[in-house]
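Structure first, then comments.
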Amino acid sequence: MNNKDRYIINTNLEKLVNNTNYNALRSECIQRNMLSQTMASRIESMAQDEITRHKKLFEKITKRGPKAFDTLLNICQQMFPKAYSILKPSSNDHQMHSTHNPQRVRSVSCNVAPKAYSFRGPGDVEDGKMSNIASSALVEESKCMLEVYPDILPTTFSVKLSAGPSETHPKVLAYPMKSRNRGVAFIVNVITFLKDVHPKRNGADIDGRNLISIFQQLGFIVFYYEDITMADLKELLVQLKDSEHLSCDCFAFYILSHGDHRKGSDYIFLHDNSILRVEDLLTEFNTVNCTKLVRKPKLFFISICRGVQSDLGLYRLSTNTERDGMIDSRKPLPSNIATYCDMLVCYATVPGFAAHRDTNTGSWFVESMCKIWSEHAHDTDVEILMKLVGEYAATYRTETAALQTICTEQRGFFKQLYLNPGYYEHPSEL
């Protein structure tokens, strides 16, 4: 819904409540797939008096996507003529919105202008960097806008709701996950590639629809983009980090594409065949570059193939290790915070092996995660959830008996993370 239509509803809220019937409007919204039964029930459980419930229904409608205003207009035209006359602007001001098909994931398009600038291409690794095989190519100067994805109805996976806060381990603290501003999920799904440099990822649109549904059911605000370029991604991340959306309990970044693992580094191919290094992505959200997420859990899901390179090995840490310039034990410990902390990074596979995707049901990693999270996120912390995801994904086989092993890495992720879907510390707030 655009800002002008939203403004019309919000500034006429009292009049709209007085000129519509709550039960009839609620029923029509559900019948026309503008609200799910769960959404309507949640409004009623959190707003005790009828007037507040009625207002909350209109407020929810303003967040129901690009077709919501037209649907509301149609309902009011048929059932509430006075409300229709309040909502219907002049013919010069109002333009009908494009149709939104709930069976098709709506990718957010980006208007771009070409700029004479070369970008990294999928070449060989030289001195830790990808050699440029597209020096004559153009990189697009992005004009992407950050846009919250409208709520969609649950797909195959329906998340079980928490009856209350989950019981934590007596020796391990838990991240706070009880507010209305539960989390932000930023999803990038690269399905096609310019000039067909990489094969189309058939079935990836199913992954997108499932992930949007799962995270929305978990109470997250979702940003979803398909087939974006490096310039698009950089612009969107700038907007995201400057926005108030990151004043949330938890942040999740999910990227699906083709990828590779070379000389100890993971690479992700974007729509313009430019290359995003996973380490560069994590750097964008460390404590130095993203202060809004300091001390908050940050989840990264990397659904790519990881080439043919072996792992990086182990790092040895010991309390008996000394070095020059160590902190004097008689002085109080400083209050500084590590550059990389509160991060959990989850890969679809281990270095050296491929990640698999079914053209009819989506990737093994996403399908396994959506199934496990929908069934167990109400009472299980995220690290245990990912163990269960790995166990379930390991049961898949291709026609040639190939399998897949997921891989997780924690960077200072020292607390438990319970998602608590449907549970809020202050239930009276919507």
Test: residue in segment 141-154 that is touching a residue at least 40 places away in the same chain (Cβ under 8 Å), among the hydroxyl-bearing types (S, T, Y) and either surrounded by fewer than 17 Cβ atoms within 10 Å (Cβ to Cβ) or in contact with a Phe, Trp or Tyr (Cβ under 8 Å, 6 or more places away or on another chain) (or both): yes
Selection within segment 280-294 - touching a residue at least 24 places away in the same chain (Cβ under 8 Å) and not polar (S, T, N, Q): L281, L282, E284, F285, V288, C290, K292, L293, V294
Any chance S274 is in contact (Cβ under 8 Å) with a residue 24 or more places away in the chain, hydroxyl-bearing (S, T, Y) and closer than 20 Å to P199 by Cα: yes
V345, sole failed condition from (1) aliphatic (A, V, I, L, M); (2) outside any strand (DSSP E or B); (3) at negative phi: (2)
Segment 189-216: number of residues that are open to solvent by less than 60 Å² (accessible area, probe 1.4 Å) and part of a loop (DSSP other than H, G, I, E, B): 7
Some residue of segment 171-188 being in contact with a Ser or Thr (Cβ under 7 Å, 6 or more places away or on another chain), part of a loop (DSSP other than H, G, I, E, B), farther than 26 Å from V294 by Cβ and modelled with pLDDT of 90 or more: no
Count of residues meeting criterion [of a type in the set (D, E) and surrounded by fewer than 18 Cβ atoms within 10 Å (Cβ to Cβ)] in segment 1-55: 4
Scan of segment 217-241 for residues that are in a strand (DSSP E or B), open to solvent by less than 10 Å² (accessible area, probe 1.4 Å) and more than 15 Å from N181 (Cβ to Cβ), ordered by number: Y224, Y225
Every residue from segment 352-372 that is assigned to a loop (DSSP other than H, G, I, E, B) and either open to solvent by less than 20 Å² (accessible area, probe 1.4 Å) or more than 20 Å from D266 (Cα to Cα) (or both): T359, N360, T361
Which listed residue, of E391, E383, E425, is modelled with pLDDT under 95, open to solvent by 10 Å² or more (accessible area, probe 1.4 Å) and acidic (D, E): E425
Close pairs (8 angstrom Cβ cut-off, 6 or more residues apart or separate chains): over 19 Å from T20 (Cα atoms) in segment 39-53, in a helix (DSSP H, G or I) and at pLDDT 75 or above anywhere: M39/K60; M46/K56
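The values are calculated or read from the model by the stated rules, or taken from the named source; none is laboratory data. Here the structure is a predicted model, which means the values were calculated and not measured. All Cβ positions, even for glycine, are placed from backbone atoms using ideal geometry, and neighbour counts span all protein chains on display. Note: accessible area is taken over every heavy atom of the protein model, side chains too, but ligands, DNA and RNA are not part of it. Shrake-Rupley method; radii C 1.70, N 1.55, O 1.52, S 1.80 Å.
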